[in-house]
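Here the structure comes first, spelled out in structure tokens, and everything after it is commentary.
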Amino acid sequence: MRDGHVNSYRPPALAILMFASLMIAPRILQAKDAVDYANPLIGAGSTSPTPEEAARLKGLDPNFTGFHGKLFPGPCTPAGLVQLSPDTITGGDNGAGYSYPNFTIQGFSFNHMSGVGAFGDLGNFMVMPTEGPLKTWYGETDHPGTGYLSSYSKDSEVAQAGYYAVTLDDYKVRAELTAAPHSGILRFTFPQSDASRIQIDLARRVGGTSLHQTVKVIDDHSIEGEIECPGKGGGFMGGKVSYNLYYHAEFSKPLKDFGVWSANIPPGPYNGRKPAAAFVEACQSAERIPGCREKEGRHLGFYAEFPTEDKDVILLKTGISYVSIEGARANLAAEIPAWDFDAVRNEAHDLWQHALSRASVEGGSEDQKTVFYTAMYHALIDPRSMADVDGKYPGADGQVHQATGYIKRTIFSGWDVYRSQFPLLTIVAPSIVNDQINSAIGLAEENGMHYFDRWELLNSYTGCMCGSPEVTVINDAYQKGIRDFDLKKAYEYSLNTCEKNSNGPKGYYAGGHGLAITLENAFGCWNLSRLASALGHSDDAKKYADLSGAYRLVFNPDEPWTYDKKGTTDHPDWKGWVCFRNENGDWAPWQGLTSGEGGMESSIFETGWDVPHDIPGLIALLGGRDLFVAKLNAFFEHTPKFNKGNPYMDPTNEPSNLIPFLFNRAGAPWLTQKWVRRVATEAYAAAPNGNPGDDDEGQISAWFVLAASGLHPACPGDPRFEIFTPLFDKVTLNLDPKYARGSAFTIVAQNNSPQNVYIQSATLNGKAFNRCWLNYSEITAGGTLELVLGPQPNMNWGIEQGR
């Protein structure tokens, strides 16, 4: 019985300590599938708890340092359009709408972002079972009685792949959730009451508010309507995204006592932060309209009341669509035609089991397996489907389009996911890579832009972060033989993208975040040059190869090697590092390696290693191989702890994600083996705060999956994967026969233990193997890489640097 894998929780700090043992206990009794290890509560927290949360948690645990991940714990299916999850917060820097330390729930909404901040978005059609006087505002987080939110105990919370349950203490209602790809169903078990209620906030949005909604009672069981979410209503990055959501909802009991509430909210602006007092007052004083069967307005809600006996069950099932009400209706009819909650739950479970079986591990601890399969789970949520069950999707031109031969996908957090998530997908799910590229090409055509954005959400170009990551994904796919897309348009739009994201006539970017932008743009140019060369465009290949050398223009060979501005910690015999330059070409005053000037979510110490496309060139700039390795090792040795925000090796954020693999490229593979093992075991854990940073739509999770498998690229766009010590005794990556010659690639680690970190020798398919990398074609050919491990480095294995 799946409830045998219930995760029990005590108050937050104690729950962290008990987390692993509570999960392990039932597993002694029966063998577990991959899906049974996945725990959506790992990483379901905010990186910035409120002062009240921090004080409360420190009172329980003096070592509390905050929660991480910004992941939602509720049910979804792999890359599904629906993510039905509890919401504990509205507004603020948490796109998931949920933070583990909170002890109140506002409701359960049908779509969520996975692991992002920037004020978040989605969180539409929020459902809440209540009782007593009708309240029309969700309330203030962790302040029961301020709205219709409810207190809940962690002891009652259950989160599994495809299922979530919790008891709402203020209403004594047991809420259960499960999801299908385009629809979801909630099961509420009520106490005895003359007026048990299900209420639906049609205007609520995680990082802002919808500004127009419609609702219509179409029969004695059903309602449907539209929710418009323009950018001026707030949302992602304070208003960079606009979309419409359509819904069709059905109640398992007939609608007899129902109504609508309508609030006259102020004109705005809405920026995703804490709701303004005038907004709250307008919501609290909303007009109640009993018996209303049809309404449109700026801020609506719908409620239905039912007399219940103790343990009475009422279900609500809903289809959603970004295309039309008819699409939402058809989505629900296709996926949840009956009132069988458990059948939907079982189907979601089976979909996740199939998806997570793309990789399997043996050996390691139970906690490590939990982290691995949960990381796989989070890496397969996005890019998600945007199309209805019939393949129709809303185009950026305002027209309805039909996806043929691929699934229309959305949420491409490119700056994040090109580093680990998409390289992982090229091995275990290459069809998703093709889907994403086809989706990006279609979007660039529909919106008339004819270039690719860095960070796309529901057809909106947000411009978030820097570089040309879609170009990297396209080149990486092409180099690996993943080519089921319009290559002519992909190349044309890639050219346009790199021209738009140019470093300008000076060859470097002199504005804010100048160092990071210069280096990321250069990397995009290198990927374009590789694609141009492969397609026979020799002039373009040379032009963009030359532009990829921009990192040399921001390298100052005279900068002192000081870690801080004052130079109290330094290495006087070392010189030279990247430095910010202004429009006149002058170097900015040196602030030390830990300065963030010119970086993007990183120190310049982290930023300076971001030359994955020309590591030999970077090695030469830094004084040759031996000095390069010494400086790189110092970067790791100075790291006080692998925690968020430290200016050295910070696995919680993307600028550090490729750095550990540079040792392989410099001929010191034993240091990649050492540091990857350290990061994987120290930064991740089977606990609610076990994801080290914002998961960023699966990137930080995907890094762990590859790191634990012993394979990761140092340079996306190059089909070379670096080899290092896997965390597990055996890792099997199952391959897609459409794109691979083999059925599976297996990595075996003999003598694996916490002490045996270093590769002593290796064989590939039974033959001696002395390289510290594999080409993608060697992986997809199938076979077995066998590594023999030991406690001391073998400085003769794998030292050939290659290209």
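The values are calculated or read from the model by the stated rules, or taken from the named source; none is laboratory data. Just so you know, these numbers come straight off a predicted model, no measurement behind them. Heads up, the Cβs are rebuilt from the backbone with ideal geometry, glycines too, and the neighbour counts pull from every protein chain shown. Note: areas computed on protein heavy atoms with side chains; ligands, DNA, RNA excluded. Shrake-Rupley method; radii C 1.70, N 1.55, O 1.52, S 1.80 Å.
Seen against the Cα atoms of the chain and their longest principal axis, helix 699-709 is set at about 60 degrees. Inter-part distance, segment 441-520 to segment 408-428, computed on C-alpha centroids, equals 14 Å. For the pair residue 755 and residue 620, label points projected 7 Å from Cα toward Cβ lie 4.5 nm apart.
Using R0 = 35 Å, the C-beta based FRET efficiency linking residue 488 and residue 558 works out to 0.15. Rolling a 1.4 Å probe across all protein chains gives residue 492 an accessible area of roughly 80 Å². When peptides 168-177, 95-104 are sorted by average Cβ neighbour count within 10 Å, with the highest value leading, the order is 95-104, 168-177.
On a per residue basis, the chain carries 33 Å² of accessible surface, using protein heavy atoms and a 1.4 Å probe. Relative to the dominant Cα principal axis of the chain, helix 325-335 is inclined by about 80°. The Cα-based radius of gyration of segment 174-248, divided by its Kirkwood radius, gives an Rg/Rh of 1.04. Rounded to the nearest 5, the antiparallel percentage of DSSP beta bridges internal to the chain is 95%. The charge dipole of segment 361-502, taken about the Cα centre with unit charges on the Cβ atoms of Lys, Arg (+1) and Asp, Glu (-1), comes to about 180 debye, rounded to the nearest 20. Computed extension length for residue 741-residue 538: 70.0 nm, one decimal, from 0.36 nm per residue of separation with the Cα-Cα distance subtracted. Between helix 514-534 and the chain there is an angle of about 80 degrees, using the helix long axis and the longest principal axis of the Cα atoms.
Taking 7 Å steps out from each Cα toward its Cβ at residue 431 and residue 571 produces label points 4.9 nm apart. In the assembled protein chains, residue 613 presents an accessible area of approximately 30 Å² (probe radius 1.4 Å). When the solvent-accessible area of segment 364-428 is split by element, carbon and sulfur atoms take up 48 percent of it, the probe being 1.4 Å. Toward the positive end of the charge dipole of segment 618-707, with +1 on the Cβ of Lys and Arg and -1 on the Cβ of Asp and Glu, the farthest Cα among 705, 647, 663 is that of 663.
Of the peptides 141-151, 695-705, the ranking by mean beta-carbon count within 10 Å, highest at the top, reads 695-705, 141-151.
When the solvent-accessible area of segment 102-206 is split by element, carbon and sulfur atoms take up 55 percent of it, the probe being 1.4 Å.
The stretch between residue 792 and residue 390 holds 139.0 nm of extra length on full extension. This uses 0.36 nm per residue minus the Cα-Cα distance. When every Cα-Cα distance of segment 517-592 is counted in 5 angstrom steps from zero, the calculated P(r) takes the values 3, 16, 18, 16, 13, 12, 9, 7, 4, 2, 0 percent.
The calculated FRET efficiency for residue 446 paired with residue 354, based on their beta-carbon distance and R0 = 25 Å, is about 0.20. Ranked by the mean number of other Cβ atoms within 10 Å per residue, highest first, peptides 442-454, 637-649 order as 442-454, 637-649. Projecting label points 7 angstrom from Cα along Cα→Cβ for residue 192 and residue 276 puts them 4.8 nm apart. Note: relative contact order over segment 613-718, using C-alpha pairs below 8 Å and six or more positions apart, is 24 percent.
Counting heavy atoms of the protein chains alone, residue 298 has an accessible area of about 90 Å² for a 1.4 Å probe. Nonpolar atom fraction for segment 302-347, defined as the carbon and sulfur part of the 1.4 Å probe accessible area, stands at 51 percent.
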